[in-house]
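Here is the structure we will look at, set down as structure tokens.
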Amino acid sequence: MRKLLRGKPVAEAIAAAAHKRADILREGGIIPALAVVRVGDNPGDLAYERTILKHAEAAGVEVRTVSLDADASQDVLSVVICQINEDPSVHGCLLMRPLPAHIDEAAVCELLDPRKDIDGITRASLASVFAGSGDGFAPSTAEACIRMLDFYNVPLDGRRAAVVGRSLVVGKPLSMLLLARNATVTMCHSHTGNLDAITRGADVVVCAVGKARAFDQRFFSADQTVLDVGINFDESGAMCGDVHADSVESVVAALSPVPGGIGSVTTAVTLDHVVTAAERASLN
Ligand code: NAP
């Protein structure tokens, strides 16, 4: 493999640029602020919250956390979201998901003001991604993939991209973002036939499936750029991606590692969106 696509320098560049813009807002008395809303104490949510808190300062963003008990009602959560909508000192809201089963997640997401939807969870935000209008925020992980490819100068115009996974969080919006960059995109999923032939024939492959080390060298070919979005834990509890990195590294041209790849870029993109939301609010 010629290149390991590390997330850290990408995240640092995004945060540094966001910080400069946040400084300009501060001079005008505006402090970009993010509300992180968590229901219950899911370890994954807690870990993500800690990561956001750790990196917020580098991007010039203030973070306020709202934590509700795991049995908090949908009404209580709805009031929290509405208060965030009404609070002019909060510019973005990150709602930890999935929510507990007793809450109608789709209904709660729809309550959020799309202008504060910095992780692309509302229909309005997704519509803007699909329409290519640029006025909403894409889900941070999908955008993180594009930022990673841009940072490492991976060409997309006219190239073939295979996206494995079709969730609304990653696969579908990422496919639209790649299409907007003039890639020819094949969206793959659990019913896709000859998946290995499709991924082998692409210039850029993104694996966003959630299956530990499921994609080995049979799925890849030389000169490819591979982004591994998966966050999984193997039998020994070690974090790993969807790509079997040990067997794939010697085959492809470039691969993003797990950990140390897309995850850190996702955090930086989320914070960058908060600064953008604050800039847009300042113009109103
Ligand atoms: P998801 O909602 O469970 O979607 C998984 C997708 O993978 C589905 O579209 C599914 O197809 C497809 N799939 C499952 N098995 C497959 C197979 N054997 N071959 C081809 N496609 C297959 O998951 P998600 O939320 O998109 O997350 C995917 C992974 O990314 C997870 O590991 C998650 O932890 C990780 N993730 C990472 C970040 C980050 O910042 N790095 C952020 C979000 C998610 P069907 O639609 O046919 O079921």
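Quick one: how many residues across the range 81-95 are surrounded by 20 or more Cβ atoms within 10 Å (Cβ to Cβ) and not small (Gly, Ala, Ser)? Break it down stepwise before answering.
Quick first cut of the range 81-95, residues surrounded by 20 or more Cβ atoms within 10 Å (Cβ to Cβ) only: 81, 84, 90-95.
From what's left, not small (Gly, Ala, Ser): 81, 84, 90-91, 93-95.
So the count comes out to 7.
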Query raised in the report: Which condition number in (1) of a type outside the set (D, E, K, R); (2) under 28 Å from Asn85 (Cβ atoms); (3) surrounded by 21 or more Cβ atoms within 10 Å (Cβ to Cβ) is the one that Ala161 fails?
Result: (2)
Query raised in the report: Failed condition for Glu143, given (1) surrounded by fewer than 22 Cβ atoms within 10 Å (Cβ to Cβ); (2) assigned to a helix (DSSP H, G or I), with all others met?
Result: (1)
Requested in this report: Note down all Cβ pairs under 9 Å where the first residue falls in the range 273-284 and is closer than 20 Å to Ile14 by Cα, the second is part of a loop (DSSP other than H, G, I, E, B) and at pLDDT below 95, and they're at least six residues apart or on different chains.
Outcome: Arg280/Asp135
Report task. Could you tell me which residue of the range 204-226 is nearest to the ligand (Cβ to nearest atom), considering only residues that are under 11 Å from Val252 (Cα atoms) and open to solvent by less than 20 Å² (accessible area, probe 1.4 Å)? Result -> Val205
**Report entry** Lone unmet requirement of (1) surrounded by fewer than 24 Cβ atoms within 10 Å (Cβ to Cβ); (2) more than 10 Å from the ligand (Cβ to nearest atom) for Leu255
**Finding:** (1)
Report summary line: Residues of the range 52-80 being buried (at least 16 other Cβ atoms within 10 Å of the Cβ) and among the β-branched types (Val, Ile, Thr), in sequence order, are Ile52, Val61, Val63, Val66, Val80
Query raised in the report: If you check Thr267, Thr276, which single one turns out to be near the ligand (Cβ under 9 Å from one of its atoms) and assigned to a helix (DSSP H, G or I)?
Result: Thr267
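Per-residue answers, yes or no, for (1) closer than 20 Å to Pro155 by Cα; (2) in contact with a His (Cβ under 6 Å, 6 or more places away or on another chain); (3) not acidic (Asp, Glu):
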{"site": "Gly210", "(1), (2), (3)": "no, no, yes"}
{"site": "Phe220", "(1), (2), (3)": "yes, no, yes"}
{"site": "Asp223", "(1), (2), (3)": "yes, no, no"}
{"site": "Ile231", "(1), (2), (3)": "no, no, yes"}
{"site": "Val243", "(1), (2), (3)": "no, no, yes"}
{"site": "Asp246", "(1), (2), (3)": "no, no, no"}
{"site": "Val251", "(1), (2), (3)": "yes, no, yes"}
Report task. Take the residues in the range 165-185 that are outside any loop (DSSP other than H, G, I, E, B), open to solvent by less than 60 Å² (accessible area, probe 1.4 Å) and touching a residue at least 24 places away in the same chain (Cβ under 8 Å), then tell me which one is nearest to the ligand (Cβ to nearest atom). Result -> Gly171
Query - Which listed residue is closer than 30 Å to Lys20 by Cα, assigned to a loop (DSSP other than H, G, I, E, B) and more than 10 Å from the ligand (Cβ to nearest atom), from Gly193, Gly237, Gly260 - result: Gly260
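Output the residues belonging to the range 229-252 that are open to solvent by 10 Å² or more (accessible area, probe 1.4 Å) and touching a residue at least 12 places away in the same chain (Cβ under 8 Å). Walk me through it before giving the result.
So in the range 229-252, the residues open to solvent by 10 Å² or more (accessible area, probe 1.4 Å) come out as 229, 231-239, 244-247, 249-251.
Val229, Ile231, Asn232, Phe233, Asp234, Met239, His244, Ala245, Ser247, Glu249, Ser250, Val251 - these are the residues of the range 229-252 that are open to solvent by 10 Å² or more (accessible area, probe 1.4 Å) and touching a residue at least 12 places away in the same chain (Cβ under 8 Å).
The values are calculated or read from the model by the stated rules, or taken from the named source; none is laboratory data. These numbers come from a predicted model, not from an experiment. Cβ atoms come from the backbone with ideal geometry, glycine included; neighbour counts cover every protein chain shown. Each accessible area value is taken on the protein alone, full model and side chains, heavy atoms only, with ligands, DNA and RNA left out. Shrake-Rupley method; radii C 1.70, N 1.55, O 1.52, S 1.80 Å.
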